[in-house]
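The values are calculated or read from the model by the stated rules, or taken from the named source; none is laboratory data. In this text, all values refer to a predicted model and were calculated from it rather than measured experimentally. Cβ coordinates were reconstructed from backbone atoms using ideal geometry, including for glycine residues, and neighbour counts include every protein chain displayed.
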Amino acid sequence: MPNESAINTSRRRFLAGSAAVAGAATVGTGSLLTSGPARAVSTDARIVIAGAGAAGISIATRLSRQLDGATIIVIDSRETHFYQPGLTLVATGLWTPSRVEDANTRFMPAGVDWMKDDVVEINADNNQVMTAGGDTVDYDYLVVSTGLQINFDEIDGMSPDLIGHNGVGCVYANPDHAARTWQAAERYIEEGGIGLFTRPRGPIKCAGAPLKVTMIIEDALQERGNRERAEMHYLPPGKGLFSQPDIDTFLKDYFPSQRDIAIDYNHPLSAIDPDRREATFATPEGPHTMEYDFIHVVPPMSAPDMIRHGELGWQNGSFEGWMEVDQYSMQHRRYPNVFGAGDVVGTPIGKTAASVKAQAPVVADNLVATIAGQEMPMAWNGYTSCPLITARGEAMLVEFDFSLAMKPSFSFIDPMKQQWAPWFLKDQMLHAAYNAMLRGRI
């Protein structure tokens, strides 16, 4: 439960820095902000963008301004745009689903051809993509921004249909799942019992989300006076909780000592029996089954099958199956006319909207330079950000890059302290910044 004195102090310091707050929409973009070339590059290039999520639309918007005469085709069947950073707040009852839903047509740039279909196969050797509708689309340049896929079937007994029933929740990957998660979580908050909060092996989108769900639900239990009726376990697949080492160290102490949340290390979820309300984990010592009243299931994630089993994926190494790109230029390492951005790419960190905000100008400017036969001017430094919500009204603004060192944007926000200011940014400001990103304004 937040300390009111600490919140008031944080609020005063935040408002005192109002000049910096005006720039909050550009958190973390730093030197990556660019207005693009003064004059659009003339070209008849045919550019296909696979995916109309945050990365795809942001890049399409920038390219439509930076190129003159190009044919830009965005392929994605989704007509509803999800503000995915808000799903955690929906899943914990702090936002309604309507706050994270919008129409893709509102953000699609003028002059771009929107093909309402989905890319299901990429033939990079012949510069072609194939769609679910059976069309073959040729390209000169390709941007892959499909996002990732959620592999519910890699957990025995798990199905998206279970979300909201039998104590099962999952914040990923749409407002319906998040809303149904809140239905199950609210019952747990009212009734108590054993709560299990999981995290799978491998990269996932918004890696802070499982932690946020855990802490917000714990805070709600305190708020309603039911904390003593609840036993809570956080179950990571290995020995770490967070990729940034300072926050990892903090959480390993904070969860058990300050929030009475047990950490069961080396517990990747392998199976679930919703009728018996039992979950089985593949521990180093063998299968371990635990009972639960509420379980937050985070399934394993991967690049879409056409990437992880195709020619554009990393063929080996720690990023095997994710899209192979140079982590700085975002250009494919074997196909120079192909670029990637967003959750689909295999890079050391970065599956967040903040990373997309930093990657979009890099991809756009480097692609334009490639078309013009020039040296690529931009490099992504790995910037990513996580407003790590610890309770309603408090958060920690964690910003870092490939070095894993903290890279705070505001001097008055201490990344190692729980404050009101990062909560305010998350709750009230970052959605507007996200929309500005889609429109190429930041």
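Within the stretch 130-137, can one find any residue that is outside any strand (DSSP E or B), without any contact (Cβ under 8 Å) to a residue 40 or more places away in the chain, at positive phi and in the same structural domain as residue 337 (by TED's automatic domain parsing)? Yes, the stretch 130-137 contains at least one residue that is outside any strand (DSSP E or B), without any contact (Cβ under 8 Å) to a residue 40 or more places away in the chain, at positive phi and in the same structural domain as residue 337 (by TED's automatic domain parsing). Contact map, the stretch 160-184: first residue in the same structural domain as residue 269 (by TED's automatic domain parsing), second residue part of a helix (DSSP H, G or I) and at pLDDT below 95, Cβ cut-off under 9 Å, separation 6 or more or different chains; the map is empty. When the test is whether a residue is of a type in the set (A, V, I, L, M), touching a Gly at 6+ places or on another chain (Cβ under 9 Å) and either in contact (Cβ under 8 Å) with a residue 40 or more places away in the chain or over 28 Å from residue 251 (Cβ atoms) (or both), residue 110 does not pass it.
Rundown of residues vs (1) within 23 Å of residue 336 (Cβ to Cβ); (2) more than 24 Å from the chain's Cα centre (by Cα), yes/no style:
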| position | (1), (2) |
| --- | --- |
| 68 | yes, yes |
| 74 | yes, no |
| 79 | no, no |
| 88 | no, no |
| 102 | no, no |
| 105 | no, no |
| 133 | no, yes |
| 139 | yes, yes |
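Residue 186 falls short on exactly one of the conditions (1) surrounded by 18 or more Cβ atoms within 10 Å (Cβ to Cβ); (2) closer than 21 Å to residue 392 by Cβ; (3) over 17 Å from the mean Cα position of the chain (by Cα), and that condition is (1). Listed by position, the strands (runs of 3 or more DSSP E) contained in the stretch 32-126 that have at least 1 residues being of a type in the set (Gly, Ala, Ser) are 46-50, 101-103.
When you scan the stretch 366-378, how many residues do you find that are part of a loop (DSSP other than H, G, I, E, B) and either in contact with an Asp or Glu (Cβ under 9 Å, 6 or more places away or on another chain) or of a type in the set (D, E, K, R) (or both)? First the steps, then the outcome.
Start the filter on the stretch 366-378 by keeping residues that are part of a loop (DSSP other than H, G, I, E, B), which leaves 372-378.
From the residues that got through so far, the ones that are either in contact with an Asp or Glu (Cβ under 9 Å, 6 or more places away or on another chain) or of a type in the set (D, E, K, R) (or both) too are 375-378.
So the answer is 4.
In the stretch 9-32, is there at least one residue being under 30 Å from residue 140 (Cα atoms) and either among the small types (Gly, Ala, Ser) or modelled with pLDDT of 50 or more (or both)? Yes; the residues of the stretch 9-32 include at least one that is under 30 Å from residue 140 (Cα atoms) and either among the small types (Gly, Ala, Ser) or modelled with pLDDT of 50 or more (or both). Check whether at least one residue in the stretch 400-411 is of a type outside the set (Ser, Thr, Tyr), at pLDDT 95 or above and surrounded by 23 or more Cβ atoms within 10 Å (Cβ to Cβ), and report yes or no. Yes, some residue in the stretch 400-411 is of a type outside the set (Ser, Thr, Tyr), at pLDDT 95 or above and surrounded by 23 or more Cβ atoms within 10 Å (Cβ to Cβ).
Whenever a residue of the stretch 385-396 is in contact (Cβ under 8 Å) with a residue 40 or more places away in the chain, its partners that are of a type in the set (Phe, Trp, Tyr), lying with C-beta atoms within less than 7 angstrom and at least six residues away or across chains, give the pairs 389/423; 393/420; 393/423; 394/420; 394/423. Looking only at the stretch 368-383, decide whether some residue is free of Cβ contacts under 8 Å to residues at least 24 places away in the same chain, in the same structural domain as residue 44 (by TED's automatic domain parsing) and in contact with a helix residue (DSSP H, G or I) (Cβ under 7 Å, 6 or more places away or on another chain). There is at least one residue in the stretch 368-383 that is free of Cβ contacts under 8 Å to residues at least 24 places away in the same chain, in the same structural domain as residue 44 (by TED's automatic domain parsing) and in contact with a helix residue (DSSP H, G or I) (Cβ under 7 Å, 6 or more places away or on another chain). When residue 157 is tested against (1) in the same structural domain as residue 335 (by TED's automatic domain parsing); (2) farther than 23 Å from residue 321 by Cα, exactly one condition is not met: (1).
Residues checked against (1) touching an Asp or Glu at 6+ places or on another chain (Cβ under 8 Å); (2) surrounded by fewer than 22 Cβ atoms within 10 Å (Cβ to Cβ); (3) of a type in the set (Asp, Glu); (4) farther than 18 Å from residue 439 by Cα:
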{"residue": "76", "(1), (2), (3), (4)": "yes, no, yes, no"}
{"residue": "80", "(1), (2), (3), (4)": "yes, yes, no, no"}
{"residue": "86", "(1), (2), (3), (4)": "no, no, no, yes"}
{"residue": "99", "(1), (2), (3), (4)": "no, yes, no, yes"}
{"residue": "110", "(1), (2), (3), (4)": "no, yes, no, no"}
{"residue": "116", "(1), (2), (3), (4)": "yes, yes, no, yes"}
{"residue": "132", "(1), (2), (3), (4)": "yes, yes, no, yes"}
{"residue": "144", "(1), (2), (3), (4)": "no, no, no, yes"}
{"residue": "165", "(1), (2), (3), (4)": "no, yes, no, yes"}
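Matching residues to (1) touching a helix residue (DSSP H, G or I) at 6+ places or on another chain (Cβ under 7 Å); (2) not in a strand (DSSP E or B):
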position	(1), (2)
238	no, yes
242	yes, yes
266	no, yes
270	no, no
275	no, yes
290	no, no
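When residues of the stretch 276-312 are filtered for being farther than 30 Å from residue 164 by Cβ and in contact with an Asp or Glu (Cβ under 6 Å, 6 or more places away or on another chain), how many remain? Break it down into steps so the answer makes sense when it comes.
Initially, the stretch 276-312 is screened for residues farther than 30 Å from residue 164 by Cβ, giving 284-286, 306-307, 309-312.
Checking which are in contact with an Asp or Glu (Cβ under 6 Å, 6 or more places away or on another chain) leaves us with 306.
Residues meeting the conditions: 1.
Which residues, counting only those in the stretch 347-365, are touching a helix residue (DSSP H, G or I) at 6+ places or on another chain (Cβ under 9 Å) and assigned to a loop (DSSP other than H, G, I, E, B)? Walk me through how you get there before you give the answer.
So the first thing to find is which residues in the stretch 347-365 are touching a helix residue (DSSP H, G or I) at 6+ places or on another chain (Cβ under 9 Å), and the list is 347, 349-365.
Result: 347, 349, 350, 351, 352.
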